[in-house]
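The structure under discussion appears below in the form of structure tokens.
Since every read-out is calculated from the coordinates, none of them should be taken as a lab result. This is a predicted model, so every value here is computed, not measured. Ideal geometry is used to build each Cβ from the backbone, glycine not excepted, and the neighbour counts take in all protein chains shown.
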Amino acid sequence: MIRKVWPLTAAAVALGIDAYVLAGVLPQIADSLSTTAAVIGLGVTAFTAAYAVAGPLLSGRLTRGSTARALLVALGVFNLGNLVTTLAPGVEVFLLSRIIAGAGAGILTAVATATAAGMVEDTERGRAMSMVTFGLSAGTVAGVPLGMLIGDTAGWRWTMALVVAFGVCSMGALATRARDLPVLESGGGAPVFSVLRSTTTALGVLAAFLLGVASLGLYTYLLPMAGSRGLDDWGFALVWAWGIGGVGATALIGKPLDRVGPRPFLIILPLVLALGFALAWISGHPIVWLVAAVLWGAAGWATVPTLQQALTADRPAQAMPVIAFQMAAMYLGSAVGAAVGSSLLRGGTVAGDLAGWALVPAVGAFLLAGGVSLRSAQVEKV
């Protein structure tokens, strides 16, 4: 199964790097383009907005007739955007390039995840979808520190060249497997927003949004949070603990999802996420924070394939638009969470207390995911 899905995982690695790598080199880009870090930060907003719009609206149209074409076009747009970012002479071109890259990424995530699920038997869907999420988490975890290192030694343009290199290699890998890719259903011909008429899907998309607010949004402030607890020297270890938790969980969650289904994990994982935030909020001990970071990374990333499995298992024909909305909601939540965190800090909130604030969306996600679990149980009884 892994041999079938690995080109899609490789593409997800490139996306995982690109989604967060700018945060580590913002000051360098701002100096290079003669602007402020705040303006360059709009590039993250532009990427996220394009991702959220393009995934749901364009992925279904692009896959009609050829899944391979859709994946290669999406990767091509993604790579083009990143290449323009690498060569951007000014801030206007830079921001435009982030829109292009975000649009390609939004389409790519939805199509790649649905393709992975369509390439395997129903008993392996959880593992297949979790492999794409594994690529996203691995790209974020390993690629971002590597990108920062390259940026410090060779400049931010070489950091973006790294993303382009990963993307081009992924295109080559997918091109060699083009004949093995299944033809995907794009939602049965219904308008793309019709999938949100399902209460289960709507609850799941809202849960994904709140999980993005809590988990990925808060991750932006992991180092300031640790510093406010006197853990400045532990920052690097905490980043890696969060990453190891995420990569490990996405690598391992697939088999349990296929064996027992997503329902119990819809309850367990948001609770584990909330536990990680609670530990970081109430304690300043480095070991406790390391445990909290592992739980936070593991639960935050593992909820992605869990929700995908729960929302698409009984509606494979609608898998792509459902996944597109879920992932768009998650990345929008990440942007909102980062903005809320910034507002709280400007308002005088101690950075370490952001973990306490993150309990609010985490508990909300728990309630919504519980609703998805209950409705899934009702469907199984029918």
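Tell me, Ile253, Ile107, Ile244 in order of fewest to most beta-carbon neighbours within 10 Å? Present the calculation step by step, with values, prior to reporting the outcome.
On the way: Ile253 27, Ile107 31, Ile244 17.
So the residues, fewest neighbours to most, are Ile244, Ile253, Ile107.
For the stretch 3-68 and the stretch 72-92, write down the distance between their C-alpha centroids in whole Å.
10 Å
Suppose only helical runs count, i.e. DSSP H with n ≥ 4. What mean residue ellipticity at 222 nm does that imply for the chain under -39500 (n - 2.57) per run, divided by all residues and rounded to the nearest 500 deg cm²/dmol? All intermediate terms of the calculation are to be shown ahead of the outcome.
On the way: 15 runs with 301 residues, N = 382.
Using -39500 (n - 2.57) per qualifying helix, the result is -27000 deg cm²/dmol.
Distance between Cα centroids, the stretch 111-152 to the stretch 197-218: provide it in whole Å.
19 Å
Go through 258-268, 155-165, 192-202 and give me the packing order, highest mean Cβ count within 10 Å leading.
Numbers: 258-268: 18.1, 155-165: 21.1, 192-202: 16.5.
Highest mean packing first, the order is 155-165, 258-268, 192-202.
How large is the charge dipole for the stretch 1-184, taken about the Cα centre, if only the Cβ atoms of Lys, Arg (+1) and Asp, Glu (-1) carry charge, to the nearest 20 debye?
Values: 11 positive and 8 negative charges, 107 e Å.
So the magnitude is around 520 debye.
FRET efficiency for Asp314 and Ala175, Cβ-Cβ distance as r, R0 = 35 Å, nearest 0.05? Mind dumping the intermediate values first?
Numbers: r = 33 Å, r/R0 = 0.95.
Efficiency, from the Cβ-Cβ distance: 0.60.
Charges only on Cβ, +1 for Lys and Arg, -1 for Asp and Glu: so what's the dipole of the stretch 196-382 about the Cα centre, in debye to the nearest 20?
Numbers: 9 positive and 6 negative charges, 98 e Å.
Magnitude of the dipole: close to 480 debye.
Kindly provide log₁₀ I(q)/I(0) values, in the same order as q = 0.15 Å⁻¹, from the Debye equation applied to equal alpha-carbon scatterers of the stretch 35-187.
-0.81
Could you state the principal axis extents of the C-alpha atoms in the chain, from the largest down, to the nearest angstrom?
53, 46, 34
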